[in-house]
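In what follows, a single structure is set out as C-alpha coordinates and then discussed.
The values are calculated or read from the model by the stated rules, or taken from the named source; none is laboratory data. From a predicted model like this one, the values you see are computed outputs, not experimental measurements. Neighbour counts run over all protein chains shown; Cβ positions are idealised from the backbone, glycine included. Protein only, heavy atoms only, side chains kept; ligands, DNA and RNA dropped before computing areas. Shrake-Rupley method; radii C 1.70, N 1.55, O 1.52, S 1.80 Å.
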Amino acid sequence: MKRHTYSFILFVCSQDPFIDDNIEFARRLLALKVTHYIHIVEEYPHGFLDFGFASNNIAQFNVEILSMLQNIVRQSSSNDAGDNNDSNPTFTN
(Lines give C-alpha, C1' and ligand atoms only; values in the text may rest on other atoms or scores of the structure.)
Protein backbone atom coordinates (compact mmCIF):
# COMPACT_ATOMS: atom_id res chain seq x y z
CA MET A 1 0.00 0.00 0.00
CA LYS A 2 2.79 2.40 0.85
CA ARG A 3 4.10 2.48 -2.72
CA HIS A 4 0.74 3.70 -4.02
CA THR A 5 -0.13 7.38 -3.90
CA TYR A 6 -3.83 6.77 -3.32
CA SER A 7 -5.88 8.30 -0.57
CA PHE A 8 -8.24 5.99 1.25
CA ILE A 9 -11.70 7.12 2.27
CA LEU A 10 -13.44 4.86 4.74
CA PHE A 11 -17.16 5.04 5.51
CA VAL A 12 -17.74 3.12 8.72
CA CYS A 13 -21.00 2.59 10.60
CA SER A 14 -20.84 2.95 14.37
CA GLN A 15 -23.13 -0.10 14.67
CA ASP A 16 -21.07 -2.14 12.21
CA PRO A 17 -19.74 -5.43 13.61
CA PHE A 18 -16.54 -4.75 11.60
CA ILE A 19 -15.91 -1.26 13.01
CA ASP A 20 -12.83 -2.44 14.93
CA ASP A 21 -11.30 -3.85 11.73
CA ASN A 22 -11.91 -0.57 9.92
CA ILE A 23 -10.34 1.47 12.70
CA GLU A 24 -7.35 -0.88 12.80
CA PHE A 25 -6.98 -0.50 9.02
CA ALA A 26 -6.99 3.29 9.44
CA ARG A 27 -4.29 2.97 12.13
CA ARG A 28 -2.14 0.89 9.79
CA LEU A 29 -2.57 3.48 7.05
CA LEU A 30 -1.53 6.16 9.54
CA ALA A 31 1.57 4.15 10.51
CA LEU A 32 2.48 3.89 6.82
CA LYS A 33 1.85 7.62 6.39
CA VAL A 34 -0.82 6.90 3.78
CA THR A 35 -3.37 9.68 3.37
CA HIS A 36 -6.77 8.51 4.54
CA TYR A 37 -10.04 9.84 5.87
CA ILE A 38 -12.51 7.98 8.03
CA HIS A 39 -16.15 9.04 8.16
CA ILE A 40 -18.18 7.33 10.89
CA VAL A 41 -21.91 7.10 10.28
CA GLU A 42 -23.71 7.12 13.63
CA GLU A 43 -27.30 6.36 12.72
CA TYR A 44 -27.26 3.22 10.59
CA PRO A 45 -26.03 -0.39 10.72
CA HIS A 46 -23.67 -2.25 8.41
CA GLY A 47 -25.12 -2.54 4.92
CA PHE A 48 -27.41 0.48 5.22
CA LEU A 49 -26.85 1.38 1.57
CA ASP A 50 -28.89 -1.72 0.69
CA PHE A 51 -31.86 -0.63 2.80
CA GLY A 52 -32.88 2.64 1.13
CA PHE A 53 -36.20 1.06 0.15
CA ALA A 54 -37.04 0.35 3.80
CA SER A 55 -36.92 3.87 5.21
CA ASN A 56 -37.09 7.41 3.90
CA ASN A 57 -34.34 8.41 6.36
CA ILE A 58 -31.97 5.77 5.02
CA ALA A 59 -32.91 6.60 1.42
CA GLN A 60 -32.07 10.28 2.07
CA PHE A 61 -28.80 9.36 3.73
CA ASN A 62 -27.93 7.15 0.74
CA VAL A 63 -28.43 10.19 -1.52
CA GLU A 64 -26.11 12.19 0.75
CA ILE A 65 -23.46 9.44 0.67
CA LEU A 66 -23.63 9.28 -3.13
CA SER A 67 -23.28 13.06 -3.27
CA MET A 68 -20.22 12.86 -1.00
CA LEU A 69 -18.68 10.22 -3.24
CA GLN A 70 -19.34 12.36 -6.33
CA ASN A 71 -17.63 15.32 -4.63
CA ILE A 72 -14.65 13.13 -3.78
CA VAL A 73 -14.34 11.94 -7.39
CA ARG A 74 -14.65 15.52 -8.68
CA GLN A 75 -12.01 16.74 -6.23
CA SER A 76 -9.75 13.85 -7.15
CA SER A 77 -10.11 14.71 -10.83
CA SER A 78 -9.35 18.36 -10.09
CA ASN A 79 -6.30 17.39 -8.06
CA ASP A 80 -5.05 15.11 -10.84
CA ALA A 81 -5.41 17.99 -13.31
CA GLY A 82 -3.67 20.39 -10.96
CA ASP A 83 -6.77 22.56 -10.63
CA ASN A 84 -7.07 22.35 -6.87
CA ASN A 85 -4.38 22.45 -4.19
CA ASP A 86 -6.73 21.19 -1.46
CA SER A 87 -6.59 17.40 -1.41
CA ASN A 88 -8.98 16.94 1.51
CA PRO A 89 -12.34 15.51 0.48
CA THR A 90 -15.49 17.48 1.24
CA PHE A 91 -18.20 15.52 2.99
CA THR A 92 -21.04 17.94 2.31
CA ASN A 93 -23.53 18.46 -0.51
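Structure notes:
- Other residues within the sphere of radius under 13 Å centred on the Cβ of Phe61, judged by their own Cβ, net out at -4 (K and R +1, D and E -1).
- Solvent-accessible ranking of His36, His46, largest area first, probe 1.4 Å: His46, His36
- Here the Karplus relation 6.51 cos²θ - 1.76 cosθ + 1.60, evaluated at θ = phi - 60°, turns the backbone of region 55-65 into coupling constants of 8, 5, 4, 5, 4, 5, 5, 4, 4, 5, 4 Hz, with x for every Gly and Pro.
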